[in-house]
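**Q** Below are the structure tokens for one structure; questions will follow.
The values are calculated or read from the model by the stated rules, or taken from the named source; none is laboratory data. Because the structure is a prediction, the values reported are computed rather than measured. Cβ coordinates were reconstructed from backbone atoms using ideal geometry, including for glycine residues, and neighbour counts include every protein chain displayed. Accessible surface areas use protein heavy atoms only, side chains included; no ligands, DNA or RNA. Shrake-Rupley method; radii C 1.70, N 1.55, O 1.52, S 1.80 Å.
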Amino acid sequence: MIKTVSTTPYKDQKPGTSGLRKKVPVFAQENYAENFIQSIFDNLEGFEGKTLVIGGDGRYYNREVIQKALKMAAAAGFGKVMVGKGGILSTPAASHIIRKYGAFGGIVLSASHNPGGPTEDFGIKYNIGNGGPAPEKITDAIFARTQVIDSYKTLDVADIDLDGIGSFDLAGMVVEVIDPVTDYADLMETLFDFAAIRGLIASGFRVVIDSMSAVTGPYAVEILEKRLGAAKGSVRNEIPLPDFGHHHPDPNLVHAKALYDDVMSPEGPDFGAASDGDGDRNMVVGKGMFVTPSDSLAVIAANATLAPGYASGIAGIARSMPTSAAADRVAEKLGIGMYETPTGWKYFGNLMDAGKVTVCGEESFGTGSSHVREKDGLWAVLFWLNIVAARKESVKDIVTKHWAEYGRNYYSRHDYEEVDTQAANGLVANLRDKLATLPGQTFGDLTVESADDFAYLDPVDGSVSKNQGIRILFKGGSRVVFRLSGTGTSGATLRLYVERYEPDASRHAIETQAALADLIAVADEIAEIKARTGRDAPTVIT
Ligand code: G1P
Ligand code: ZN
């Protein structure tokens, strides 16, 4: 029943920050998905008879690619595939399933926070046996294979029914369709004080979660409404839709604005949270206080021992380079290790496997810990609820006190989306050329202390990742960072990250953009953003 299909390479299958992401019509080209999946399998050794986990965020084209992947896994010789019912697994749940059942690896189908639909985005990512995204060494090898692939193996059989729990035989391989939610929800109960959170909610503390018509709906309903007792309807947009109801499933102040406005209104809920397409991102809003992802990491780290799963303390903290240094001060105080990695969750895996870090975070609404090897949206939300329940203080009080103790890192990211690729590359090249001459130069009150193109030496496996973002650091701890997105699917996206450290508590209530205005102006002066992109203003400010 196994058939070998001859194919020709596609030149554009280079995985980015988080797997291969393209528009659906690109993925729908003949053999396009098959070429990439076979290129993954061709780089694996010793998987025969072992288990593969497959699941996705339910977006348009998810079901089609799952059927392809199932047949190809059987043809390749896997012993078993565990797949979420309806083809659904949130990214953190997929990571957990891989770890819990000792699977060889997993295929996660998602384009994360990018929109879904017939002309929108799709993605394929390979995760290794630790549950985390494949490291660069593997993604590079997969890309190399896509460039020469000439055939793939599949089965000539009918599609498998994924809409009921149960086991099926697929040419000698077992397909186990599992409930996507239970294992994950059970894991959360082992990490957090559900009784305390239940008590908080029962006392009248109103929590809402916006699942943005994406994958976390069923997870949030099970955990928040069923296990924690929140009122029915506390989870909004809870049904995953293939096009996310035309939402842009990215939890930030632009795309989750309705939720933000609701929590900020006097009669609105006390606590609001949102997550993205595949459930690994989170946004946390308390009454009168939006928590920046960088601050969220710092507060979670500083209060970690309040959660039962972290009661004995955390081993260390890691953050991506553009993420603010708020967590660094917590690590310093706790006397634990602090690691600064390139952008993308795949760099945290080695540090967690080696026991060097417990919590990790990125400024892009990503927080997580070594309970899985992906960032985890609902985990972060539950951590916050656990902290609020234990401290019996509002989110606003918790954050304000944190700043008073550690100082505040004002922080913002400005994205210039769908910029002309050549213009974006030119802007970065020009910055690189200037790096050597910047130190010592002054711009108003700001003096450049150092400037470089960030490179990372992985302390665990010794690998080096270069060109990970241009950093311009000023005296006093302020900085601007520039990098091009590795997840976009059309044109280039320039990201400008701006940070100012303010130790003085009497200056902690300034509006963020105002607090950063001089740095933003200097960033434009040095990088010539407006002139080179032809844009007056960023597309998205977070
Ligand atoms: C973006 C974020 C990055 C995150 C990635 C996947 O990547 O900036 O922090 O890990 O999405 O969610 P970028 O588009 O910047 O390459
Ligand atoms: Zn995501």
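**Q** How large is the Rg to Rh ratio of region 468-524 when both quantities use alpha carbon positions and Rh follows Kirkwood? Don't skip to the end; give the middle numbers.
**A** Working: Rg = 13.6 Å, Rh = 12.8 Å.
Answer for region 468-524: 1.06.
**Q** Starting at the first residue of region 378-391, write each ³J(HN,Hα) from the Karplus equation 6.51 cos²θ - 1.76 cosθ + 1.60 with θ = phi - 60°, in whole Hz, x for Gly and Pro.
**A** Calculated HN-Hα couplings, in order: 5, 4, 5, 4, 5, 4, 4, 5, 4, 5, 4, 5, 6, 8 Hz.
**Q** Could you work out the mean projected area of the convex hull around the alpha carbons of region 180-303, in square nanometres to one decimal?
**A** Details: hull surface 30.5 nm².
Computed as one quarter of the Cα hull surface, the answer is 7.6 nm².
**Q** If you roll a 1.4 angstrom probe over the protein chains with everything in place, what fraction of the accessible area of region 344-492 belongs to carbon and sulfur, to the nearest %? It would help to have the intermediate numbers written out before the result.
**A** Details: 2410 of 5340 Å².
Answer for region 344-492 is 45 percent, counting heavy atoms of protein chains only.
**Q** Could I ask something else about it? For 420, 210, what's the largest-to-smallest order of accessible area, 1.4 Å probe?
**A** Values: 420 95, 210 15 Å².
Ranking 420, 210 by accessible area, largest first, yields 420, 210.
**Q** Let me ask you something else. What is the set of long-range amide H partners of residue 316 at a cut-off below 5 Å, with H atoms built 1.01 Å from backbone N?
**A** 358, 359
**Q** Heads up, I need the accessible area for residue 97: 1.4 angstrom probe, whole protein in place, Å², nearest 10.
**A** 0 Å²
**Q** Related question: How long are the semi-axes of the ellipsoid equivalent to region 14-168, from square roots of 5 times the Cα gyration tensor eigenvalues, in whole Å, largest first? Please report the intermediate quantities before stating the final value.
**A** Details: eigenvalues 75, 68, 55 Å².
Whole-Å semi-axes of the equivalent ellipsoid: 19, 18, 17.
**Q** Could you list, in their original order, any pairs among 85/392; 23/356; 80/375; 3/466; 226/392; 23/85 whose Cα atoms are separated by more than 30 Å? The partial results should precede the final answer.
**A** Numbers: 85/392 38 Å; 23/356 37 Å; 80/375 26 Å; 3/466 41 Å; 226/392 23 Å; 23/85 25 Å.
Distance filter (> 30 Å) returns 85/392; 23/356; 3/466.
**Q** Could you report region 43-152's accessible area per residue, 1.4 Å probe, as an integer in Å²? Each step should come with its number before you reach the end.
**A** Details: 3210 Å² over 110 residues.
Each residue of region 43-152 exposes 29 Å² on average to a 1.4 Å probe.
**Q** Report, by chain and number, residues whose modeled amide H sits under 5 Å from the one on residue 178, excluding near sequence neighbours (fewer than 5 apart, same chain).
**A** 83, 84, 85
**Q** Another question, if that's okay. Roughly how much of residue 225 is accessible, in Å² to the nearest 10, using a 1.4 Å probe?
**A** The accessible area of residue 225 comes to roughly 30 Å².
**Q** Share of antiparallel DSSP beta bridges in region 1-125, in percent to the nearest 5? Present the calculation step by step, with values, prior to reporting the outcome.
**A** Details: 7 of 17 bridges.
So the antiparallel bridges amount to about 40 percent of the total.
**Q** Just the C-alpha atoms of region 256-295: what Rg/Rh do they give, with Rh taken as the Kirkwood radius?
**A** Numbers: Rg = 10.2 Å, Rh = 10.4 Å.
Ratio value, two decimals: 0.98.
**Q** Further question on the same structure: Quick one: 3J(HN,Hα) in Hz for region 499-515, Karplus 6.51/-1.76/1.60 with θ = phi - 60°, rounded, Gly and Pro as x.
**A** 9, 9, 8, 10, x, 7, 4, 6, 10, 9, 10, 7, 5, 4, 5, 5, 5
**Q** Out of residues 5 or more away from residue 323 or on other chains, whose amide H comes under 5 Å of its own, with H placed 1.01 Å from N in the peptide plane?
**A** Answer set, sorted by chain and number: 363.
**Q** Measure of size requested: the Rg and Dmax of region 8-63, with Cα atoms as the atom set and Å as the unit; please supply both.
**A** Using the Cα atoms of region 8-63, the pair Rg, Dmax is 12.6, 34 Å.
**Q** Whole-Hz ³J(HN,Hα) for each residue in region 164-179, computed from phi via Karplus 6.51 cos²θ - 1.76 cosθ + 1.60 with θ = phi - 60°, x for glycine and proline: what do you get?
**A** Karplus-based 3J(HN,Hα) across region 164-179 equals x, 5, x, 10, 9, 9, 10, 6, x, 9, 7, 10, 10, 8, 10, 5 Hz.
**Q** If you filter region 1-109 for GluC sites (Glu not before Pro), then keep DSSP loop positions with at most 14 other Cβ within 10 Å, what is left?
**A** Values: sites: 30, 34, 45, 48, 64; in loops: 30, 45, 48.
When the GluC sites (Glu not before Pro) of region 1-109 are filtered for loop state and at most 14 Cβ neighbours within 10 Å, 30, 45, 48 remain.
**Q** Could you tell me the ratio Rg/Rh of region 114-153? Both radii from Cα atoms, Rh via Kirkwood.
**A** Values: Rg = 13.4 Å, Rh = 12.4 Å.
With Rg and the Kirkwood Rh in hand, the quotient comes to 1.07.
**Q** Take every DSSP beta bridge whose two residues both sit in the chain, then give the antiparallel share in percent to the nearest 5. Could you put the intermediate results ahead of the total?
**A** Details: 64 of 93 bridges.
Percent antiparallel among DSSP bridges in the chain is about 70.
**Q** Further, regarding this structure: From the P(r) of region 92-171, can you give the percent of Cα pairs sitting at distances over 21 Å?
**A** Details: 1629 of 3160 pairs.
So the portion of pairs separated by more than 21 Å is 52 percent.
**Q** Whenever you get a sec, compute what percent of the accessible area on region 213-284 sits on carbon and sulfur atoms (1.4 Å probe). Could the numbers behind the result be given before it?
**A** Values: 1470 of 2630 Å².
Answer for region 213-284 is 56 percent, counting heavy atoms of protein chains only.
**Q** A further question follows. Using heavy-atom solvent-accessible surface (probe 1.4 Å) with all chains present, what is the largest-first order of 525, 267? Numbers along the way, then the final one.
**A** Values: 525 110, 267 135 Å².
Sorted by accessible area, descending: 267, 525.
**Q** Kirkwood Rh over Cα pairs of the chain into Stokes-Einstein at 25 °C, 0.890 mPa s: D in µm²/s?
**A** Details: Rh = 23.8 Å.
D, rounded to a whole number, is 103 µm²/s.
**Q** Starting from the exponent 0.38 and prefactor 2.2 Å, build the expected Rg for region 269-348 from its residue count and divide its actual Cα Rg by it.
**A** Details: Rg = 13.5 Å, N = 80, 2.2 N^0.38 = 11.6 Å.
Taking N as the residue count of region 269-348, the ratio is 1.16.
**Q** Residue 449: accessible area at probe 1.4 Å, nearest 10 Å²?
**A** Counting only protein heavy atoms, the figure is 100 Å².
**Q** Moving to a separate point now. At 1.4 Å probe radius, can you tell me the per residue accessible area of region 405-462 in Å²?
**A** Working: 2770 Å² over 58 residues.
That works out to 48 Å² per residue.
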